[in-house]
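In what follows, a structure is listed as structure tokens, so that the remarks can point back to it.
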Amino acid sequence: MSGRVSRTLEADVLQFAGRHGLVVWLDREGHYTRFTDFLP
């Protein structure tokens with residue numbers, strides 16, 4: 001996923017994880033599963 005929104009969301013998630021150490025992403029419907037699978 002390489003769109004502008006995906007890159008911005010990735011940067012936000014990685015910044016949040018860097019500050020807090022752990023991210024719990026609740027996605028009951030699985031809309032973001034593919035996106036999160038590709039996060040570093």
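The values are calculated or read from the model by the stated rules, or taken from the named source; none is laboratory data. Here the structure is a predicted model, which means the values were calculated and not measured. Cβ coordinates were reconstructed from backbone atoms using ideal geometry, including for glycine residues, and neighbour counts include every protein chain displayed.
Of all residues in segment 16-40, those satisfying the criterion of being surrounded by 10 or more Cβ atoms within 10 Å (Cβ to Cβ) and under 10 Å from the mean Cα position of the chain (by Cα) are Phe16, Ala17, Val23, Trp25, Tyr32, Thr33, Phe35, Thr36, Phe38, Leu39. Before we move on, is Val23 without any contact (Cβ under 8 Å) to a residue 40 or more places away in the chain, touching a helix residue (DSSP H, G or I) at 6+ places or on another chain (Cβ under 6 Å) and not basic (Lys, Arg)? In short, yes. For segment 1-12, residues that are β-branched (Val, Ile, Thr) and either touching a Phe, Trp or Tyr at 6+ places or on another chain (Cβ under 8 Å) or surrounded by fewer than 10 Cβ atoms within 10 Å (Cβ to Cβ) (or both) total 1. Every listed requirement among (1) in contact with a helix residue (DSSP H, G or I) (Cβ under 6 Å, 6 or more places away or on another chain); (2) at pLDDT 90 or above is met by Glu29 save one, (1).
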